[in-house]
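To start, the structure under review is shown below, and the notes come after it.
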Amino acid sequence: MRIGIEFVPDKPIEKLVTWTKLAEESGFDNVWITDHYNNRNVWSALTAIALNTEKIMLGPGVTNPFHISPALTASAAVTINELSNGRAVIGIGAGDKVTLSGLGIKWDKPVSAVVESIKYMQKLTEGSKFKHDGKVFKVKNAKLAIVKKEPVLDADGNPKMKDGKPVKKGPKIPIYAGAQGPMMLKMTAMVADGILINASHPKDFEIAMEKIKEGVEEAGRDLKEIDVTAYASFSIGDTREAALEGDAKIVVAFIVAGSPDVVLERHDLDLDACNKVRGLLGEGNFKDLPDAITDEMIDAFAVVGNKDQCIRRIEDLGKVGVTQFVVGSPIGPKKKDGIKQIGKEIIPYFKK
Ligand code: F42
């Protein structure tokens, strides 16, 4: 199980760099930086992180093809890959419809947009030309000038040849799709190296895995080629009560409010109690909100608890096919303590 961490660049980038250095020292494999235009810019944050770390894989989690062209995302990722000695990854999803429409950006054919942009970036990051007449992208001629291509070797270590010449490609930059809906899960499983799923409970992954498997089979791929990633709301403490002292309940409230009823029913949640949470959030009543969040809601939408409770949940996720677990903010009532505790108590368990 790979262990990743997510940060939101709503704080000065120096803080993100400090937390990421701590995460790297603590043994995390990946850092994912969220992308919302109203926060600090994701690629600026990744540049600072790349220059200040040595081992951790890093990338946007997730950018979208509507507010930035995949050509620019590919160029940014190749630049970060160069700066970081080959540690760049890309996370791309549909983006947030409400935010994009506020910017006057049309959110048309989101699944096609994500799938086409993954293919677009695969070609550009390996240094190839991309020409495409798709549902969303009509690309006449795109190619990056900065990719350092190297000979591709076959299984025996010999250079692969085509038309008498060695095949050359840039270093691989894994591309992950942020996906929730059934169509997005299936279609991106046909092309992506990983899938980032915003969920914390094995029930949601059982359902997601069916769609991922459909996509993988249809594309003739092996499920092992996909890093199935749980992008989970997470809070650890010495006790469950301590873990709940930070913002974990507020995060759960937003997930409850944003989830369709079908998801609430999947987790056997009381719809009246969920509607109460929606109402309080709608009024901006954050004082009464924590008391309206039930244990069942927390269990459905977050991983919260002491070391043993967190380990058990991550193991359960592994059993249904999760191969990377990303601890999403809040992480713990105090971020630095949470990162250190995960480094001491969780990561060694999964790396042994
Ligand atoms: N969004 C951000 O803006 N910033 C972030 O940092 C961010 C991080 C993140 C991390 C993990 C993750 O899983 C999601 C994350 N998101 C972030 C949210 C992400 O950008 C998306 O908003 C979110 O994943 C919701 O997308 P979805 O996978 O559910 O797909 C949407 C488009 C959807 O509704 N899909 C449905 C489905 O079944 O998959 C409906 C599909 C649909 O619209 N179909 C149309 C049709 O006609 O059938 C379109 C067909 C076509 O060609 O596209």
**Normalised alpha carbon radius of gyration of segment 133-205 [divisor 2.2 N^0.38 Å]** = 1.58
**Fill in**
Each label sits 7 Å from Cα toward the beta-carbon; between E150 and R278 the label points are separated, in nm, by 5.3
**Request:** Run the quick spin-label model on R312 and A219: label points 7 Å from Cα toward the beta carbon, then report their separation in nm to one decimal.
**Result:** 3.6
**Asked** In terms of the ratio Rg/(2.2 N^0.38 Å) built on C-alpha atoms, what value belongs to segment 1-63?
**Response** 0.99
**Message:** Could you check the spin-label model distance between F254 and M161? Points 7 Å from the Cα along Cα→Cβ, value in nm.
**Reply:** 5.7
**Message:** Using 23 Å as the Cα-Cα cut-off, could you pick out the over-long pairs in K203/K344; K211/K319; K287/K334?
**Reply:** K203/K344
**Item:** Cα Rg, Dmax (largest Cα-Cα span) when computed across segment 133-265, Å
**Value:** 20.8, 66
**Complete:** Beyond 19 Å (Cα-Cα) in this structure, taken from K119/K186; K138/K186; K119/K143, we find K138/K186
**Prompt:** Rg to Rh ratio, the chain, alpha-carbon atoms and Kirkwood radius?
**Reply:** 0.97
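Only bridges with both residues in segment 152-296 count here: give the DSSP antiparallel percent, nearest 5.
30
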**Message:** Of V322, L153, I346, which is farthest towards the positive pole of the chain's charge dipole, taken about the Cα centre with +1 and -1 on the beta-carbons of Lys, Arg and Asp, Glu respectively?
**Reply:** L153
**Prompt:** Using 1/(1 + (r/R0)^6) with R0 = 25 angstrom and r between the beta carbons of D291 and V98, what's the FRET efficiency to the nearest 0.05?
**Reply:** 0.35
**Request:** Could you work out the Kirkwood radius for segment 181-244, taking every pair of different alpha carbons, averaging 1/r and inverting it, reported in Å?
**Result:** 12.7
**Item:** Convex hull of segment 1-133 built on C-alpha atoms - directionally averaged projected area, nm²
**Value:** 8.5
**Request:** Bin all alpha-carbon pair distances of segment 226-344 at 10 Å intervals from 0 and give each bin's fraction as a whole percent.
**Result:** 14, 43, 34, 9, 0
**Item:** Burial order of peptide ranges 326-339, 15-28, 270-283 (average beta-carbon count within 10 Å, highest first)
**Value:** 326-339, 15-28, 270-283
**Message:** Per-residue counts of other Cβ atoms within 10 Å, averaged by peptide: what ranking do you get for 129-140, 107-118, highest first?
**Reply:** 107-118, 129-140
**Fill in**
Computed from the beta carbon distance with a Förster radius of 25 Å, FRET efficiency for K140 and S112 to the nearest 0.05 stands at 0.85
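So what's the net charge close to I92: Lys and Arg +1, Asp and Glu -1, counting the other residues with Cβ under 11 Å from its Cβ?
Here the count lands on -2.
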**Prompt:** Can you pull the three principal axis extents for the Cα set of segment 247-291, in Å, largest first?
**Reply:** 28, 19, 16
**Request:** Could you state, as a whole-number percent, how many of the C-alpha pairs of segment 213-259 are farther apart than 16 Å?
**Result:** 60
**Prompt:** Mind checking which aspartates and glutamates have their C-alpha under 16 Å from K165, skipping anything on the same chain fewer than 8 residues away?
**Reply:** E150, D154
**Principal axis dimensions, largest first and in whole angstrom, of segment 75-136 by Cα** = 37, 26, 15
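Read-outs: derived from the displayed coordinates by stated rules, not from any lab. Note that this is a predicted model, so its numbers are computed, not measured. We place every Cβ from the backbone using ideal geometry, glycine too, and count neighbours over all the protein chains shown.
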